[in-house]
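Just so it is clear, none of the values below were taken in a lab; they were calculated from the coordinates. Values in this document were obtained by computation on a predicted structure and should not be read as measured data. Cβ atoms come from the backbone with ideal geometry, glycine included; neighbour counts cover every protein chain shown.
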Amino acid sequence: MGPPRMVEWLISPFLQYGFMQRALFGSIVLSVSCAPVGVFLMLRRMSLTGDAMSHAILPGAALGFLLFGLDILPMTIGGLIVGLLVALGSGVVSRFTVQKEDASMAAFYLISLAVGVLLVSWHGSSVDLMHVLFGSVLALDDEALYLIVGIAVTTFITLGIFWRALVAECLDPLFLRSVSRIGGPVHFLFLVLVVLNLVGGFQALGTLLSVGLMMLPAAAARFWSNDVRSLCAASVLIAVISSLGGLVLSYHASMPSGPAIIFIAGAIYLFSALAGRRGVLASFLVSARHKTA
Amino acid sequence: MSDICLEFKNLTLGYQGRAAIHHLNGTIERGSLTAIVGANGSGKSTLMKGIAGILKPIGGTCMSRGRRLAYLPQQSELDRSFPARAIDLVSLGLWQQRGLLGRITRKDGEKLAGCLAAVGLTGFEKRPLDSLSGGQLQRALFARTMLQDADLILLDEPFNAVDERTVTDLVALIGQWRAEGRTILCVLHDHSLVAEHFPMTLLIARELVAWGATGEALTRDNLLRARNFQEAWDAKAGWCEAPQSAAFHVHDDIARSRDRKHGAAAHG
């Protein structure tokens, strides 16, 4: 395949089909929004929290789906409410008792997940469940796109305003507590962003895969960068490449789009873990040449 | 008394209803330099957290009359794997002046550079945190504390795992802060360092053992008493029966600490 044919292979799906353009636009906006949130989750050693929360929003989304059908607004609001309840519940338990947040989060999301599956099996069919779990980026309507753009703008502004506090809270939380009371509220606000982005992603990628676009680019970027700003930029770039690559793969190989996007992100992660500047190979290929200081 | 910077009134601090330090009374004078000494688990760090306002008292009060407080926690609280540069860590010290959104001005940059120079870290601005040695990291943390421009400075075991030269430099810096009229409380284990550089000492063992001029507080008897305290939390520990009013009273004033020999010095 020569370069011109390669380019054609890459862009023709988007030139030919409106739904592919919408899918590309939606997933790129989602990438820009999700990836920096994933970076902060990773830096706060909460990488698995995203996964837990993605399960937690299921009953809310399912309830919206059961009551109003495949309408994005009730599903989103349902997911948002349940996600925030889980975040708040686990936050309250960890703040006021001896239990750490990982344990309380696990407890709350498992309860939520069980309720979600019960709800879906009570009223819906397994096809419905598949939709909630795996979504479809190829079926993004105007409403879904507006929602994703709204969430991206909210995320961008919130991260911009609270950047300094988020960095301080990750780096030296005790110091932050000595100079400001903002640490607690910022932690909760950050969890709200996590829930918002997962909810934004589930229409496109489903609840289980939206966390992939959040965590995999962030984890991959860590092998290339050692600065929070460039980490965020690198993770956004990786997420955008994954979205583009995944959609092209899904088009040409007739694969489901969500898993294809996450598959590409996973491939980039494995490559980065191996060949990144701070990856496995770099740790073995230590040169004997060195600077004196 | 306008020269008081910090006042403890029957202060009890702890976790889950158990006291880590209880019934502390006394005052810290403005511009004083006090070492806080005691064995592991004697309540030193808890006291620091209480003064810094991070831990709410179980009972009593801790009143700070300082304009601004700087707290340097133990190094172990810091996430060294965080992808930040030395300058990012030090610039956290601008929080009280600039807050969440305030712009870092050129003047702030100059102040920051001055603080880095004072701790001997000029040229280290862009070094990643995980590449700094223990001593360099501690110097960076001192630069941050300095940048806070506080009149009450709390240092929790600032010389742990730090080499002799760094200790000498940082002790000199503490002396300079004191000369500028700042009030400093410093948790320390090295008694010879305390004897040499710290005029006042607060010796604790989950309660006050001695408080006054270092030479008089760090006596053999007092140190022995401080060493033999009940370190472990006793599952069968009873409720504290000490009166809720002041059980004893001490001052960090040298003359009064001498008088104190004739009165009640410590609780228990």
Practice prompt. Put one equal scatterer on each alpha carbon of the range B:58-153, apply the Debye formula with no solvent term, and list log10 I(q)/I(0) at q = 0.25 1/Å to two decimals.
Written response: -1.39
Worksheet item: Rounded to the nearest 0.05, what FRET efficiency is calculated for B:ASN228 and B:GLU7 with R0 set to 22 Å and r the Cβ-Cβ distance?
Response: 0.15
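Under the Kirkwood approximation for Rh and a Cα-based Rg, what ratio Rg/Rh is obtained for the range A:1-81?
1.15
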Worksheet item: If you rank A:LEU205, B:LEU132 by fewest surrounding Cβ atoms within 10 Å, what's the result?
Response: B:LEU132, A:LEU205
Practice prompt. Taking the dipole about the Cα centre of chain B, with the C-beta of Lys and Arg at +1 and of Asp and Glu at -1, give me whichever of B:PRO57, B:PHE198, B:ALA39 is farthest to the positive side.
Written response: B:PRO57
Discussion item. In the range A:34-128, if the dipole is taken from +1 on Lys/Arg beta carbons and -1 on Asp/Glu beta carbons about the Cα centre, which of A:VAL82, A:LEU110, A:SER47 is farthest to the positive end?
Written reply: A:SER47
Worksheet item: What percent antiparallel are the DSSP beta bridges of chain B, to the nearest 5?
Response: 50
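Only Cα pairs under 8 Å and at least 6 apart count here; give the relative contact order of chain B as a rounded whole percent.
Values: 485 pairs, mean separation 71.3, N = 268.
Computed over chain B, the figure is 27 percent.
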Worksheet item: Out of residues 5 or more away from B:ILE4 or on other chains, whose amide H comes under 5 Å of its own, with H placed 1.01 Å from N in the peptide plane?
Response: B:ARG30
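Can you sort B:ARG103, A:ARG22, B:ARG144, B:ARG98 from fewest to most other Cβ atoms within 10 Å of each residue's own Cβ?
Numbers: B:ARG103 7, A:ARG22 19, B:ARG144 25, B:ARG98 15.
Result, fewest neighbours first: B:ARG103, B:ARG98, A:ARG22, B:ARG144.
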Worksheet item: Can you pull the three principal axis extents for the Cα set of the range B:157-201, in Å, largest first?
Response: 28, 20, 16
Discussion item. Can you give me the C-alpha center-to-center distance between the range A:12-34 and the range A:35-64, rounded to a whole angstrom?
Written reply: 23
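Can you give the calculated 222 nm mean residue ellipticity of chain B, where each DSSP H run of n ≥ 4 adds -39,500 (n - 2.57) and the sum is split over every residue, rounded to the nearest 500 deg cm²/dmol? Let's see the in-between values first.
Values: 10 runs with 88 residues, N = 268.
The helix-only estimate for chain B comes to -9000 deg cm²/dmol at 222 nm.
Mind running the shape call on the range A:160-234? Use the C-alpha gyration tensor, a ≥ b ≥ c as the square roots of the eigenvalues: rounded below 1.5 for a/c, prolate if a/b tops b/c, oblate otherwise. Before the final figure, lay out each step's value.
On the way: a/c = 2.96, a/b = 1.44, b/c = 2.05.
Because a/c hits 1.5 or more and a/b fails to exceed b/c, the range A:160-234 counts as oblate.
Gain in length, A:VAL98 to A:LYS291, computed as 0.36 nm per residue apart minus the alpha-carbon separation, to one decimal in nm?
Values: separation 193, 0.36 × 193 = 69.48 nm, distance 4.79 nm.
Stretched out fully, the A:VAL98 to A:LYS291 stretch lengthens by 64.7 nm.
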Discussion item. With n ≥ 4 as the cut-off for DSSP H runs, can you work out [θ] at 222 nm for chain A, using -39500 (n - 2.57) per run divided by the number of residues, rounded to the nearest 500?
Written reply: -28000 deg cm²/dmol
Worksheet item: ³J(HN,Hα) across the range B:120-134 via Karplus (A = 6.51, B = -1.76, C = 1.60, θ = phi - 60°), whole Hz, x for Gly/Pro?
Response: x, 10, 4, x, 9, 3, 9, 5, x, 4, 6, 9, 7, 6, x
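Which order do A:HIS290, B:HIS197, A:HIS55, B:HIS191 fall in if you start with the one that has the fewest other Cβ atoms within 10 Å? Display every interim value, and only then the final one.
Details: A:HIS290 7, B:HIS197 19, A:HIS55 22, B:HIS191 14.
So the ranking, lowest neighbour count to highest, is A:HIS290, B:HIS191, B:HIS197, A:HIS55.
Evaluate peptide B:88-95: per residue, the Cβ atoms of other protein chains within 10 Å of its Cβ; return the mean as an integer.
Details: counts 5, 5, 0, 2, 8, 2, 2, 9.
Rounded to a whole number, the mean comes out at 4.
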Worksheet entry | Dmax and Rg, reported as Rg then Dmax, of the range A:203-293 (C-alpha, Å) | 15.6, 56
Discussion item. Let me check against my output: what whole-number percent is the relative contact order of chain A, with C-alpha pairs under 8 Å and at least 6 apart?
Written reply: 25
Response to the item:
Over all pairs of different Cα atoms in chain B, the reciprocal of the mean inverse distance gives a Kirkwood radius in Å of 19.4
Worksheet entry | Radius of gyration, Dmax [the protein assembly as shown; alpha carbons; angstrom] | 28.5, 97
Worksheet item: Kirkwood hydrodynamic radius for the range B:84-203: how many Å is it when counted over pairs of different Cα atoms?
Response: 15.0
Worksheet item: Is the range B:1-84 best put as rounded, prolate or oblate by its Cα gyration tensor, with a ≥ b ≥ c the root eigenvalues, rounded for a/c under 1.5, and otherwise prolate when a/b is larger than b/c, oblate when not?
Response: oblate
Worksheet, complete the sentence: Counting other chain Cβ atoms within 10 Å of each Cβ in B:98-107 and taking the mean gives 2
Discussion item. Rounded to whole Å, give me the distance from the Cα center of the range A:95-125 to that of the range A:231-287.
Written reply: 30
Worksheet item: Three principal axis extents, largest first, for the C-alpha atoms of chain A, in Å?
Response: 68, 62, 31
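Report Rg(Cα)/(2.2 N^0.38 Å) for the range A:13-132, keeping two decimals.
On the way: Rg = 16.7 Å, N = 120, 2.2 N^0.38 = 13.6 Å.
Dividing the Cα Rg of the range A:13-132 by 2.2 N^0.38 Å gives 1.23.
With viscosity set to 0.692 mPa s and temperature to 37 °C, compute the Stokes-Einstein D of the range A:141-293, Rh being the Kirkwood radius across alpha carbon pairs; µm²/s, no decimals. Spell out each step's value before the answer.
Numbers: Rh = 17.5 Å.
Roughly 188 µm²/s, to the nearest whole number.
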Worksheet item: So what is the relative contact order for the range B:93-241, in percent, with contacts set as C-alpha pairs under 8 Å and at least six apart?
Response: 16
